[in-house]
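Down below is the structure, laid out as structure tokens.
Computed from the coordinates by the stated procedures, all read-outs in this text should not be read as laboratory data. Quantities reported herein were computed from a predicted structural model and do not represent experimental measurements. Neighbour counts are summed over all protein chains in view; Cβ atoms, including those assigned to glycine, are modelled from backbone coordinates with ideal geometry.
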Amino acid sequence: MSTPVLQARDVSMIFGGLAALRNVSLSLDEGKIHGLIGPNGAGKTTFFNCLTGLYTPTTGQVLLKGTVLPGDPAAVTDAGVARTFQNIRLFPSMTVLENVLLGRHVRMKQGPLSSLFHGPAFRRGEAAARDRARELLAFVGLSRVEDELSRNLPYGDQRRLEIARALATDPAVLLLDEPTAGMNPQETEAARQLIFRIRETGVSVVVIEHDTKFIFTLCDRVSVLVQGELLIEGTPDEVRGDPRVVEAYLGKPPEEVEAELQAVQEGETP
Amino acid sequence: MKAMARPLIIVGAIVVIIGALLPWATFVLNDGAYPDKASLEFFDAPFGLTSFRLYLELLGLAGLVFALVPLRDRIRVLKAVGWGSAGIAVINTLFIVGDGGGLGAVTVADGHSAFGGLAATVGAALLLVGAYQLPKAPLAVIKPRLPFWAEWLILLVAFVALLLLVTETLTAGGHSGVSDPYIGPLFLSYLCAAGALLGVLWAFGVTKWISDMSERHRIFSIVVLLLCAVAVPFTSLGNDYWMTITANIGVYAATAIGLNIVVGLAGLLDLGYVAFMGIGAFVAANLSGAVAAEFGIRLPFIVAAIAAGIVAGIFGAVVGSPTLRVRGDYLAIVTLAFGEIFVRVSQNNIGGLTGGSNAIPNIPDLSLFGAQFNDSLTIGGIQLPGGVLYYFLIVLLVALVMFVFGNLKNSRIGRAWIAIREDEDVARAMGVKTGKLKILAFMTGATLAGLAGAVFAHKLATASYDSFQFNQSVTLLAAVILGGMGTIPGAVLGAALLFVLPEELRQFSDYRLMFFGLALVVIMRFRPQGLIADRHRRAELADEDVTGESLDDTAIKSPVAVAGVKEAGA
Amino acid sequence: MGTLLQQIANGLIFGGLIAMVALGYTMVYGIIQLINFAHGEVFMTGAFGGLAVYSWLLPADVQQIWYVALPAMLVGGAIVALVIALLMERFAYRPLRNAPRLAPLITALGVSVFLQEAMRIFFPGASSAVPFPNAFITAPLHIGSITIPASGLLMLVVSVVLSIVLETYVNGSRMGRAMRATAQDPDTARLMGINPDRVIVLTFGIGAVLAGVGGVLYGSYIHNIDPYIGFQNGLFAFAAAVLGGIGSIRGAVIGAFVIGLIKNLADIYLPGGTAYDYVWIFILLIAVLVFRPQGLFGEAERVRA
């Protein structure tokens, strides 16, 4: 059994007396997609912040490929963890291409002196970065709007841009925070396909979502977080069938949920 | 109301023309006829007019023509014409009233009547009212691309025209700039006319066309601009007075561009920036062999300048380090505190390095191959004014600073700086080492300021703490903001305005700082992106997209984009 | 020993003055996260306002009666400061409420410079120091070996009293609760029926009145004023607010006394004397911002994703 690519061990996060997370563990194997669901305020984004070095856990550890995560977000990204944000945080006055180029920053080598003189090495590096950025834009389907200001993009495109930017850092692990919030069914399906394609390139993914149907049809394993604690972790079927999850999170008995899911799959309006 | 637009404009334009032809003052003003004899006379030879009356006449004619000729973007063109006319009319009327002692000067007195001012004002008002009734139209865009030699030719013509415009602007009040008592309002009138001209060109899409062209032929444009700069001493600005002024503008422009790296790119509000210039100046002064200098050595200027840059850069890193953990507002205060520390310390002649209130005077003149920089120079029979070598040195300095700024901006480092400015936390999450980059920004800005300071000390022949106080930091910041944050032409324009205006408007010199303060408030309220806006900044601050179209117009074209933008929220 | 006590007394008096300006800084920052650069100028205009009342509104015989003249000047100064602050808020800051952070900061700078220069140009004689009457009891007080001018003691007492009143008000009253709510989370506060605009105006107003009163008392103590007293004392007041913890009333007052003591002790005991007192205060300010940005009583800012 190889080392999990990302591992959180008994992570607790306590802010001045309030425990936002309590003994949460998660194990992500290479090439897997892991879902993280739970009611609002359960601590999902806080957990992500611990996984990216933005917060240092009060107790517990986060390991990336067996080594403890550095304490600084920039170093964590350098080590191979990238993320998107719950409220889309693009660089508004930069174009689409420039946003993705910024993602390449950590993998580019041109320092101040090189940037000052724009020598041949510099130009080669820039060209390579642009090529890679364009590749990524094509990968997420945003090639035609390369020179648009990021803030002018429609909502769904902005989410895709954020993903392209994160992918530009050549991560081993990609953390997606509510990637389908506000999307219609077609966009959601496109998002799911995109995440599968991301997995095919060798990147492992953790996804926070409220859309449980999306999560259950996407992920290899699912963790449920309620009030800062891990309620259950398992395959989608295991989680879906657990009555505690259904009650605490969905608020209705399992049979009703099953019936609804059935109806959706058969093409009736939910 | 729309139906009234055209007639209003036509009537307004005609009234403006009539106003230009009418007498403007009922008697000769205290400091002499204003301007020339023209103010007292009605002109029946229309192009016998001079100065502001000529501008008014031309603007009136333009208004008439543009009202009648079929145009797509009539509204912007006529707005430019209207505001230009209004400005000229109001400024001159007010001035005559003020200087001539009351309304009688512009109406009827001593058997003379003079309604020029009032007529022009009324005409301009009618023109504007009519113009604002016109329907909105998309900004005109000139699309076709010409073969490269044609574009080169156009760029050459454009930049030479710009050079002429600049020299004319500066000498509008008279060549030596000192003797004409009416220099203030005449200069302002000229600015209004030039502004109207540029506004019309902008409305026709010419300015954007040329600016895009210069982007496409960047190297050629830079070469031409450099040649134009070098040509200045051969134009009507070729005398000692203007050499000094342009040299000062150049030094401050170089410093402003350096500040642009810190504020405009990285978004770090540095309120003590002028201290770095001061550090550079004192280092150069102490290494220049001046009598009051601490070290009794005289190093070649190039060495002293580099030393000045390095020392200033080190201090930049020193100032930058504590600020890493503090955010925007606090950063401003910390840098302000450093600036004040510098002033206090240099005022008290720390280590004997700064001369205290005696400063370090009599810094030796620079010389190249025996030619003293302050002296007049003769090249091939043409005599160039004194100080011309300093001017050339400063052109070189500005070119260097522009080179540094431009290259850094279009690089990995520049992008990272902009990202830090826009959203530092996200930049860090994307792997940007924000701490190191912020210090780099401070260091680079400081080094450039130090270089500028070294040149400044030699040009001024003195280094005194007095030149580097908080007021100067505010002025520099105002220059950067007024001109346009994050753009080179903006910084140069800003520095130019802030150093030329006081000369031209010497009558108001006491009010200068007060107007700076007011200008800062007004600009941040109404045009935060400055006069020449970086395309990103404009978009960021003024609700336009990258091509300069307002988002309203874009919305008409793409409902999806509108829905998307609305959904994405703030 | 006598000199040390004297310096401590002077320091406390100066601290009392600074406190009245620091309170305005800290309250406004707490509510809208803006360092009101021009707050020092509010203090300055208050001082000039009081002087104007004295010189132009009070008949000569009334000028000598301190228990009529002084209150009149205090009221006059407070009113002028209040008007300036409210105009500032309404026309310079409110339109920029949602602009990027650089904008209101630069605007504040502009307002500050504008007010300094406008006062210098338009107030008769203000291009150099203008004499300010000692409108309080002129006889100094002697306690042991120290001498305190009565106006200094007045400043100290007024400062402490007003601070306590303010603290009680903010913690106890309905409006005070509204202020604290708006400071913590304006959107939620709005949902609770609080009008943030009104609260912000009130905050500016209270800060202005305090600064205005401080300005008049400052004038009575130092016996002259000039248009730059706002800039100089404003930096001290800001340092005090930061030291105490920006957003904390108690912090601003305690910070002010600490700054006052340091300034006066530095004048005597640290190298460089009075020429360098600013330098020591600035170094302290920088150190606080680097090592403990939340000051003594403030809350540490947490980075949110």
For region C:100-192, the Debye formula with one identical point scatterer on each Cα and no solvent gives log10 I(q)/I(0) at q = 0.18, 0.20, 0.21, 0.24 Å⁻¹ as -1.00, -0.99, -1.00, -1.07
Helix B:301-320 versus the longest principal axis of chain B: what angle, 0 to 90°, nearest 10, using Cα atoms?
-> 90
Gyration tensor (alpha-carbon) shape descriptor, chain B, a/c threshold 1.5 = oblate
Between the modelled labels at C:Ile121 and B:Ser321 (7 Å from Cα along Cα→Cβ) the distance in nm is 4.4
Taking the Cα centre of chain A as the origin, how large is its charge dipole in debye, to the nearest 20, when only Lys and Arg (+1) and Asp and Glu (-1) carry charge on their Cβ atoms?
-> 1280
Cα pair distances of region B:349-464 binned at 10 Å [whole percent] = 12, 28, 24, 20, 13, 3, 0
Assertion target for B:Phe338, A:Phe139, ordered by fewest C-beta neighbours within 10 angstrom first, is A:Phe139, B:Phe338
Expressed as a whole-number percentage, the relative contact order of chain C with C-alpha contacts under 8 angstrom and at least six residues apart is 34
Compare A:Ala172, A:Ala127, A:Ala79 in a GNM of chain A, Cα atoms joined below 10 Å, and give the one with the largest fluctuation.
-> A:Ala127
Unit charges on C-beta of K, R, D, E only; dipole of chain C, Debye = 760
Can you tell me the dipole magnitude for chain B around its Cα centre, using point charges on the Cβ only (Lys, Arg +1; Asp, Glu -1), in Debye to the nearest 20?
-> 1660
Sticking with the crude label model, points 7 Å out along Cα→Cβ, report the distance from A:Gln265 to C:Val290 in nm, one decimal please.
-> 6.3
Hey, what number do you get for the protein assembly as shown at 222 nm if only DSSP H runs of n ≥ 4 count, each worth -39500 (n - 2.57), divided across all residues, to the nearest 500?
-> -19500 deg cm²/dmol
For region C:2-291, what number results from the quotient of the Cα radius of gyration and 2.2 N^0.38 Å?
-> 0.99
Of B:Ile183, B:Pro361, B:Gly130, which is farthest on the positive side of the dipole of chain B, counting Cα position, with +1 on Lys and Arg Cβ, -1 on Asp and Glu Cβ, and the Cα centre as origin?
-> B:Gly130
Relative contact order of chain A, defined on C-alpha pairs under 8 angstrom at six or more residues apart (%) = 25
Go through C:Ile281, C:Phe123, C:Ile143 and say which Cα lies farthest out towards the positive end of the charge dipole of region C:2-291; charges sit on Cβ, +1 for Lys and Arg, -1 for Asp and Glu.
-> C:Ile281
DSSP bridge orientation in the protein assembly as shown - percent antiparallel, rounded to nearest 5 | 70
Assuming R0 = 35 Å, what is the FRET efficiency of C:Tyr269 and B:Ile297, from their Cβ-Cβ distance, to the nearest 0.05?
-> 0.40
To the nearest 10 degrees, how steeply does helix A:155-167 sit against the main Cα axis of chain A, on a 0 to 90 scale?
-> 70
Which of B:Val480, C:Val199 has the fewest Cβ neighbours within 10 Å, and the rest in rising order = C:Val199, B:Val480
Net +/- balance of residues flanking C:Leu86 in space, Cβ distance below 13 Å, scoring K and R +1, D and E -1 | +1
What spacing in nm lies between the two simple spin-label points modelled at B:Glu168 and A:Asn23, each 7 Å away from Cα in the Cβ direction?
-> 8.3
Note, ³J(HN,Hα) from phi for region B:8-18, Karplus 6.51, -1.76, 1.60, rounded to Hz, x at Gly and Pro = 4, 5, 5, 4, x, 4, 5, 4, 4, 4, 4
Full extension from A:Arg9 to A:Lys109: what is 0.36 nm times the residue separation minus their Cα-Cα distance, to one decimal in nm?
-> 32.6 nm
Sequence order, region B:220-234: Karplus ³J(HN,Hα) from phi using 6.51 cos²θ - 1.76 cosθ + 1.60, θ = phi - 60°, Hz rounded, Gly and Pro as x, gives 4, 4, 4, 4, 4, 4, 4, 4, 4, 4, 5, 6, 3, x, 8
Which order results if B:Met514, B:Met430, C:Met20 are arranged by neighbouring Cβ count within 10 Å, fewest first?
-> B:Met514, B:Met430, C:Met20
On the first, second and third principal axes, largest extent first, how far apart are the outermost C-alpha atoms of the protein assembly as shown in Å?
-> 102, 92, 71
Go ahead and run the numbers for FRET between C:Val83 and A:Arg144, Cβ-Cβ distance against an R0 of 56 Å, rounding to 0.05.
-> 0.50
With a/c under 1.5 counting as rounded, go ahead and sort chain A into rounded, prolate or oblate using the C-alpha gyration tensor (a ≥ b ≥ c being the square roots of the eigenvalues; past the cut-off, prolate if a/b is larger than b/c, else oblate).
-> oblate
Give the residue from A:Ala20, A:Ser204, A:Gly53 lying farthest towards the positive end of the charge dipole for chain A; charges sit on Cβ (+1 for Lys and Arg, -1 for Asp and Glu) and the dipole is referred to the Cα centre.
-> A:Gly53
Mean separation of Cα pairs under 8 Å and 6+ residues apart, divided by the residue count of chain B: what relative contact order is that in percent?
-> 16
Between helix B:434-460 and chain B: long-axis angle, C-alpha atoms, 0 to 90°, nearest 10 = 80
